[in-house]
Amino acid sequence: MNKILFTAILTFASYFLATIAFNTQHSILLALIVMLVVLWTNEALPIGVVSLLPIVLFPSFGILGTEATSLNYSKSIIFLFLGGFIIAIATQKTHLHVYISNKLLTLFPNTPRGILFSLSITAAFLSSLISNTTTALLLIPIAMYLTDNIKLKMRLVLSIAYGASIGGIVTPIGTPPNLILLGFMDQHALEAIPFIKWIFLTAPLAFFMLLIIPFFLSIGVNDIRFDAELSHKEKLTKDQKRLLYILGSLVLLLLVNSKIEPYYSGLGLNEKGILLSYGLLMLVPKVGFLEWEDMKKIPYEIIFLFGAGFSIAAAFSSTGLALEIAKYLLELTNLPVILLIMLVAALITFTTEITSNTALISIALPIIYSLSQVTNIDTTLILLVATICASYAFMLPIATPPNAIAMSSGAVKVKDMAKFGMIFNILGILSITAIALLYWQYAL
């Protein structure tokens, strides 16, 4: 009850503070968002329950209608998650993750720090080639098996989630915000960033973050030892081989389907449809590995969580709050370039924490573009900063798909993610600002 009371006090306080700068409707929306974030963080209510509250609260306070709110819970990207969750369940049921875990431990030092680095680097590498969502779904079951130590397991799962987010920015195909940026640039007749040039721009940033984050996560757990039986050699079973071939074909299809503009346009298949198709394949008799009863293991609360994120983004847009915030930003155009970049980086990073990064960047890019038109800052530079920051939010599960998938594992609590994420958010903001000023503005 104390948690509920604390949430109520913060909600009312945020409403009264918001009325200083915003109208009543916008103040109510901001207060409701504060309430949702606090409830997600202090776990006063189950995550699934909190995530469904927008369907009740937004219509009740005249923010967004019931139909308009509930539609956000059936966005097509949610079915990508559904397919990925089914594949993850099949991986666990066949114990394929056990085999992969043993292989990992023979390739890297059998210490928490060594495995944290290996999981982060593997997640980052895969995320640069295929979606960071898919990468997190495939790797997190491995981390869950490696140890029974709750503290270490939490950090292993976070290392995959954060590694997937870090690697997702390295190529234009690694995460949806990157593709949204390229589409936006094309729409506004801005010169596109070629595939190879994008890699050269973003790789140093990813390399720096991959050095810092796994090392920081290993502090306090590096003396813990993994179970001895993990090093025992095992042979693949018939089912494991079959699933490995299926997953191999999935990765190959995703790679072949990915665009490398302007050199290769891909197959044109929808990635969401591919993931869902492979997920459903897991339920086909004599081909798959699951029964319908296994579907009870799907973390539906995470699906609701993303619906809540899309609902918040829709509310920002429909109420005009996004444009109102843009007006306040335009008043800051006389700031020095370094402060303006840092402000945009911080604003995007922390705003992403309360809504899907894909939804947010769709709203933010037009605002940032308008901002660049009345300043002497390079338009492509500030748009790139905003896009990268949308993927470098580490505090809350709603911020990025890998964060949400980490939560779905059950090994991570929101308060743990928030504790580490706050530090990594600040590191990300500072490093992105530094690399934008010292490298990107000369290379673009």
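The values are calculated or read from the model by the stated rules, or taken from the named source; none is laboratory data. Just so it is clear, the structure is predicted and the values come from calculations on it, not from any experiment. Cβ placement follows ideal geometry from the backbone for every residue including glycine, while neighbour counts extend to all protein chains displayed. What goes into the accessible areas is simple: the full protein's heavy atoms, side chains included, and nothing from ligands, DNA or RNA. Shrake-Rupley method; radii C 1.70, N 1.55, O 1.52, S 1.80 Å.
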### Query
Given the options 372, 165, 249, which has the most mean-square fluctuation in a GNM of the chain, springs set between C-alpha atoms less than 10 angstrom apart?
249
#### Entry: Potential lengthening between residue 249 and residue 426 on full extension [0.36 nm per residue; Cα-Cα distance subtracted]
59.9 nm
### Task
Determine the order of 239, 223 by accessible area, beginning with the largest, at a probe radius of 1.4 Å.
223, 239
#### Entry: By average C-beta atoms within 10 angstrom, highest first, the peptides 274-283, 299-308, 137-146, 42-51
137-146, 299-308, 274-283, 42-51
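As a quick test, which of the pairs 235/419; 75/151; 327/413; 272/297; 238/272; 103/286 have an alpha carbon distance above 31 angstrom in this structure?
The answer is 235/419; 75/151; 327/413.
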### Task
Quote the FRET efficiency, to the nearest 0.05, computed for residue 203 versus residue 10 with a Förster distance R0 of 41 Å and r equal to the Cβ-Cβ distance.
0.50
### Query
Using only the Cα atoms of segment 326-368, what do you get for the radius of gyration and for Dmax, in Å?
10.8, 30
### Cα centroid of segment 136-173 to Cα centroid of segment 300-337, whole Å
28 Å
#### Entry: segment 26-131 - percent relative contact order, Cα under 8 Å, separation 6 or more
11 percent
### For peptides 190-196, 311-317, sequence by mean Cβ density within 10 Å, most packed first
311-317, 190-196
### Query
Given a Förster radius of 51 Å and the C-beta distance between residue 196 and residue 71 as r, what FRET efficiency does 1/(1 + (r/R0)^6) yield to the nearest 0.05?
0.85
### Query
Contour minus end-to-end for residue 270 and residue 297, with contour as 0.36 nm per residue of separation and end-to-end as the Cα-Cα distance?
7.2 nm
### Message
For segment 76-297, I need the span (max minus min coordinate) of the C-alpha atoms along each principal axis, in Å, sorted largest to smallest.
### Response
58, 46, 27
### Task
Please determine, in degrees from 0 to 90 and to the nearest 10, the orientation of helix 357-373 with respect to the longest principal axis defined by the Cα atoms of the chain, where the helix direction is its Cα long axis.
40 degrees
#### Entry: Two-decimal ratio, segment 25-118, of alpha-carbon radius of gyration to 2.2 N^0.38 Å
1.65
#### Entry: Tilt relative to the chain, helix 414-435 - C-alpha long axis, 0 to 90 degrees, to 10
70 degrees
#### Entry: the chain - charge dipole about Cα centre, Lys and Arg +1 at Cβ, Asp and Glu -1, debye rounded to 20
980 debye
### Query
Could you sort 293, 271 by accessible area so the largest value comes first, with the probe set to 1.4 Å?
293, 271
### Query
D for the chain, whole µm²/s, Stokes-Einstein with Kirkwood Rh over alpha-carbon pairs at 25 °C and 0.890 mPa s: what number?
109 µm²/s
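For the chain, what is the relative contact order in percent, using Cα pairs closer than 8 Å and at least 6 residues apart in sequence?
22 percent
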### Task
Using only Cα atoms, find the angle between the long axis of helix 150-168 and the longest principal axis of the chain, and express it within 0 to 90 degrees, rounded to the nearest 10.
60 degrees
### Query
Between residue 378 and residue 287, what length in nm is gained on full extension when 0.36 nm per residue of separation is reduced by their alpha carbon distance?
27.5 nm
